[in-house]
Amino acid sequence: MIDFNVPPFTGKELEYMQQAIKNKKICGDGEFTKKCSHWMEEKFQANHVLLTTSCTHALEMAAVLTQVKPGDEVILPSYTFVSTADAFVQRGATLVFVDIRPDTMNLDERLIEDAITDKTKVIVPVHYAGVGCAMDEIMEIAARHHLMVVEDAAQGVYAYYKGRALGTIGDFGCYSFHETKNYSMGEGGALVFQNNDFLERAEIIREKGTDRSKFFRGQVDKYRWMDYGSSYLPSDLNAAYLWAQLEMADTIRKDRLDSWNYYNEELRPLAEAGYIEQPFIPDYADHNAHMYYIKTKDLETRGRLIDFMRKHDILTVFHYVPLHSAPAGKKFGRFHGEDKYTTKESERLVRLPMYYHLKEEDREQVVKAIKEFYE
Ligand SMILES: *Cc1c(COP(=O)(O)O)cnc(C)c1O
């Protein structure tokens with residue numbers, strides 16, 4: 001059986017987790033949490049990286065920090081994971097879904113401006129498959145209309161747009177370290193931002209509404225309840241697991257890109273013959289091989305392909321059911337403009353096995369089976 005995903009493991013994880021236990025510090029903000037944050041701040045040229053319990057929670061923190069309130073509108077793609085939307089629904093905001101570009105599956109920047117009303121407060125680009133959205137255009141629109149930008153960079157860790165790390169371009173960036181992502185701590189994430197003005201409130205929200213972070217730095221002599229908050233800081237045990245992977249981030253990235261490039265080369269003849277479509281990587285993007293997908297002719301072909309692959313012991317998967325067509329999406333939002341590509345393209349997309357240490361013989365099997373299907 002060739003799995004669709006295997007959680008990344010480099011070998012040093014257990015040693016670092018034992019180290020955290022020896023440090024007598026397994027709650028949040030211990031040695032490994034700090035190591036991970038500092039590493040990302042340096043590597044991605046980010047002013048602040050706060051490790052969180054998930055990307056969902058990083059998005060929730062970002063939603064609080066943007067100060068969206070009931071009645072405000074948030075522009076986002078419908079083709080995304082539910083968390084992109086949930087975080088803003090929790091603040092009472094109304095979702096305004098905009099169509100995607102069929103080439104990158106990202107929010108179509110050319111359609112954003114038409115969806116802006118006097119209630120719009122935030123734009124949420126999602127860097128699908130670790131391929132950046134057209135950020136120059138999006139930031140320019142946001143500046144012109146005084147909107148904030150929250151990048152859902154769950155899939156975009158260690159990927160770049162015109163040389164800038166995804167997650168560091170908007171007002172906030174949100175990373176995921178879920179076991180299905182490139183770098184993992186089981187469940188986890190990070191909130192990224194540049195503006196120092198957000199630091200104090202972000203730390204308070206993350207620490208149950210208290211100024212405990214300041215207390216630990218010796219900046220206040222007791223800690224108090226300052227504001228609304230929750231428990232968004234992960235255990236140092238999880239951070240220790242992540243640290244083993246960040247230390248080997250280049251190796252993991254290269255390994256995934258090797259698999260990605262292999263799929264892309266080997267499947268090109270099928271694309272040239274018109275059977276499938278392959279991912280499109282714009283010139284500005286330096287992606288992280290988070291995902292390799294192909295698009296079949298239609299929904300029916302995709303179903304047959306997935307069945308065929310399963311019979312060959314290979315797991316391939318599809319996603320997302322567009323949010324605007326789901327019960328909660330209808331309740332909390334509306335689709336602005338025409339759904340030209342969101343539904344149609346989502347029904348054609350299928351993801352191939354992709355993970356750190358995907359064996360050469362396994363990816364050969366995957367390609368062989370797809371070729372057989374189309375014979
Ligand atoms: C994985 C993912 C999330 C959620 O990440 P968690 O860390 O599991 O909360 C959010 N948005 C997108 C686009 C994702 O792929």
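Size of segment 161-292 from its Cα atoms: along the principal axes, largest to smallest, the extents are 69, 29, 22 Å. Working from label points 7 Å from Cα in the Cα-to-Cβ sense, the LYS43 to GLN194 distance is 2.1 nm.
Which percent of the Cα-Cα distances in segment 249-374 go past 19 Å? Considering segment 249-374, 54 percent of its Cα-Cα pairs are separated by more than 19 Å. Here HIS324, HIS146 are placed in order of increasing Cβ neighbour count within 10 Å, fewest first, which gives HIS146, HIS324.
Estimated at 0.36 nm per residue, the fully extended path between GLU113 and GLU266 surpasses their Cα-Cα distance by 51.1 nm. Whole-percent P(r), the chain, all Cα pairs, 20 Å bins from 0: 29, 57, 14, 0. Taking the DSSP bridge list for the chain and keeping only pairs wholly inside it, about 55 percent are antiparallel. Derived scalar couplings between HN and Hα for segment 339-356 equal 7, 7, 10, 3, 6, 4, 6, 5, 6, 9, 8, 9, 9, 8, x, 7, 6, 5 Hz in order, rounded to whole Hz, by the Karplus curve 6.51 cos²θ - 1.76 cosθ + 1.60 (θ = phi - 60°), x for Gly and Pro. Mark the label point 7 Å from the Cα of GLU372 along Cα→Cβ and return the residues of segment 289-309 whose backbone N is within less than 16 Å of it. Of the residues in segment 289-309, 304-309 have backbone N under 16 Å from the label point off GLU372.
Each of ILE21, ILE75 was scored by other Cβ atoms within 10 Å of its Cβ. Listed from fewest to most, they are ILE21, ILE75. Listed peptides 97-104, 292-299 appear in the order 97-104, 292-299 once ranked by packing, highest mean of other Cβ atoms within 10 Å at the front.
Under a crude label model (7 Å from the Cα following the beta-carbon direction), how far is LYS297 from GLU179 in nanometres? Those two pseudo-labels are separated by 3.8 nm. Label-to-label distance for GLU338 and LYS12 is 5.3 nm, based on points extended 7 Å past Cα in the beta-carbon direction.
Using alpha carbons only, how many angstrom separate the centre of segment 237-267 from the centre of segment 157-228? Taking the Cα centre of each part, segment 237-267 and segment 157-228 sit 23 Å apart. Highest mean packing comes first when the peptides 164-173, 304-313, 125-134 are listed by Cβ atoms within 10 Å, giving 125-134, 164-173, 304-313. Centre-to-centre separation between the Cα atoms of segment 1-59 and those of segment 110-138: 29 Å.
Per residue, the convex hull spanned by the alpha carbons of segment 1-60 comes to 143 Å³. Treat the count of other C-beta atoms within 10 Å as a stand-in for reagent exposure and order MET139, MET105 from fewest to most. Lowest to highest Cβ neighbour count: MET139, MET105. Subtracting the Cα-Cα distance of ASP250 and GLN90 from 0.36 nm times their residue separation leaves 54.0 nm of extension gain.
Here, each number is a calculation from the coordinates, and none is a lab measurement. Just so it is clear, the structure is predicted and the values come from calculations on it, not from any experiment. Glycine gets a Cβ as well: all are built from the backbone with ideal geometry, and neighbour counts include every protein chain shown.
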